[in-house]
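The block underneath contains the structure these notes are about, expressed in structure tokens.
The values are calculated or read from the model by the stated rules, or taken from the named source; none is laboratory data. In this text the structure is predicted, and so the values were computed from the model without any measurement. Note that each Cβ is placed from the backbone with ideal geometry, even for glycine, and that neighbours are counted across all protein chains shown.
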Amino acid sequence: MTFNIAGFNLKKLQTYVDWKLLLFLLLFLNVKLAVKIPAIIIIYLLQFNFKFGFNFKNSRLPLFYLLVIAIAFINLIINKGYNSSNYLVVFAIGIGFWLLCLLAVHQIKLSVENNSVQVLHNTILVFFVVNAIVSLATLAYIMVDAHAINPFRYQGQYQKYFLGTGDYIKGITLDISTTNAVINAFGVVYFLTRKMPLMVLICMIVLLLTASNFMNIALLLVLTGLFLFKTNRDQKSLIVICCMFLIIFLAKVSPQNNQYVHETFKNIINPPHPPFNTATLTTTDSSKDPDFTKRKFAKQYLDSIKSIVIKSGINNRSLAALPANLPKTGAGRIILIGADINTPPYQTPTDTPDEQRKLLAFIHLNKAELPLSGQDSFKMHLPGKIIGFEQTVNFLKTHPTKILAGSGMGNFSSKLAFKATGFDFSGGFPAKYIYINHDFLLNHLDVYLNFFSKRRELHSLTNSPFSVYDQILAEYGLLGVAAFVIFYLGYFTRHFKKLTYGIPILLLMLAVFLTDYWFEQLSVVVFFELLLLLNIKETAHLKPLNYE
């Protein structure tokens, strides 16, 4: 009888989630390309199918992926990129990225078609639970490492954590913390619509831990819309609680993050003019710090006293027998002197990281060709992202022959273009195949160098030229924009009136596209497509929703 019960439970567990889909999500969303490619191979071995079902009328998959590859080949011929062996390597890698996107969405679609709605919901639930466990475990490790309950306020270890604590909360993907933030922002909306309050709060907590100001603002706007138009009383209460969590986090947990947001907007309105050369070299070696030995001795002494008190059961009166020169209160209690935050270990490191040294060296060698970063003085009239968009528009104005199909894949604005520089952006690149298009050098690469070779507070999302919209327009032209709007966004929005959580998640994705080259990241977009395809399936039988 026990065997039968155990067998029943095992069978129930096996059918509770789609384990193939879960495994694929856990592996493919990993930051390493060396993990993503095996993930694709494994899922196709487990679910062998290459029937994509493309057509112009009711395509099974977004036709955008095929069209963008076709535009890339058109550009290769028009721009005669085949004459450069280095560019052919870059081109092949770029086509590989788009093919991975296509292969991934096909498997996501197969999983949605082959499973019940409930199994898919269960699979997504398990993914979020696993991600939350990893995220919270990371926070626990940071707390132990920093010996601080709130590492967001801990300034020791040369501010190893402090303002950058959220950067370590990467979740199961081990990608940048922004990826974790986006996924959990999706989770808040998804579980809010599905009326699962505990998961809403868990996703909100993990999102806040990533300290992603952009996603906090984007989600707040979406939640405001849901509060006003598409939620019941219980859901409105959850939205209020989420907003309270955000206020508490900014006011109590990480007030310096709130200050950072304020300074960012202040810098946009009234740009600073820091000196060009910020490569002051210092050391974080404890042996060079004259107070290090004193602090270490004091800590060991106090730890020893504490150990004696615990083991011997010394009461408060017995403490009077301790050395008289220890600082005490009027009541005789020993004063444990706090850390002096003015000492070096509590200050921001001023040494120049190796990655920044590479940028400075490149600027020095190409100074004459860099309109922004090559200047002896730094002048920022606008954030880097806006400058990037201006460069794209101006480039197309001065190169009318490239308005239709763009400058070509990897030639102006993409993760591929940055990766091919050999600066170790998003992983290494073979040195002998390094490729930097001259248009990219004069524009987006120059913008990146202009900000990210300077002091750390300038290394923000607002100063990064990365953007899906910029990539599509600059490298694929108006044809690419049309393909994206009609055959990607249009693929999902044709179901607009039936979608529930799909609508706010789509709005979030439109905002997220402003921040990075997400198609080439091979992470957030895949999860977005899963949620939208699932929402389309579960609402297919419903009448169009009334949004009046």
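The table for this structure:
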item: Looking only at region 51-91, and only at residues there that are of a type in the set (Phe, Trp, Tyr) and in contact with a Leu (Cβ under 8 Å, 6 or more places away or on another chain), the one that is farthest from residue 434 (Cα to Cα); result: 56
item: Residues within region 376-398 that are more than 31 Å from the chain's Cα centre (by Cα) and in contact (Cβ under 8 Å) with a residue 24 or more places away in the chain, tallied; result: 2
item: Of all residues in region 504-542 being among the small types (Gly, Ala, Ser) and outside any helix (DSSP H, G or I), the one that is surrounded by the most Cβ atoms within 10 Å (Cβ to Cβ); result: 523
item: Hey, residue 353 modelled with pLDDT under 85, within 24 Å of residue 455 (Cα to Cα) and in contact with a Phe, Trp or Tyr (Cβ under 8 Å, 6 or more places away or on another chain) or not; result: no
item: Set 435, 448: member being surrounded by 18 or more Cβ atoms within 10 Å (Cβ to Cβ), over 30 Å from residue 533 (Cβ atoms) and within 21 Å of the chain's Cα centre (by Cα); result: 448
item: Residue in region 177-187 that is touching a residue at least 40 places away in the same chain (Cβ under 8 Å) and either outside any helix (DSSP H, G or I) or more than 18 Å from the chain's Cα centre (by Cα) (or both) present; result: no
item: Criterion: outside any loop (DSSP other than H, G, I, E, B) and modelled with pLDDT of 95 or more - qualifying residue of 404, 441, 449; result: 441
item: Candidates 221, 208 - the one that is in a helix (DSSP H, G or I), in contact with a Phe, Trp or Tyr (Cβ under 8 Å, 6 or more places away or on another chain) and at pLDDT 95 or above; result: 208
item: Residues being free of Cβ contacts under 8 Å to residues at least 60 places away in the same chain and of a type in the set (Val, Ile, Thr) - total across region 487-502; result: 1
item: Some residue of region 312-327 being in the same structural domain as residue 452 (by TED's automatic domain parsing), closer than 30 Å to residue 155 by Cα, modelled with pLDDT under 80 and over 27 Å from the mean Cα position of the chain (by Cα); result: no
item: Candidates 442, 461, 365, filtered to the one that is in contact (Cβ under 8 Å) with a residue 60 or more places away in the chain and more than 22 Å from the chain's Cα centre (by Cα); result: 442
item: Tally, over region 174-205, of residues that are surrounded by 24 or more Cβ atoms within 10 Å (Cβ to Cβ) and of a type in the set (A, V, I, L, M); result: 8
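So that you can scan it fast, the table gives a plain yes or no per residue for (1) without any contact (Cβ under 8 Å) to a residue 40 or more places away in the chain; (2) out of contact with any Asp or Glu (no Cβ under 7 Å at 6 or more places or on another chain):
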| position | (1), (2) |
| --- | --- |
| 82 | yes, yes |
| 94 | no, yes |
| 102 | no, yes |
| 106 | no, yes |
| 116 | yes, yes |
| 119 | no, no |
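Residue by residue, here is whether (1) more than 29 Å from residue 122 (Cα to Cα); (2) under 20 Å from the mean Cα position of the chain (by Cα) holds:
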{"site": "148", "(1), (2)": "yes, no"}
{"site": "159", "(1), (2)": "yes, no"}
{"site": "163", "(1), (2)": "yes, yes"}
{"site": "212", "(1), (2)": "no, yes"}
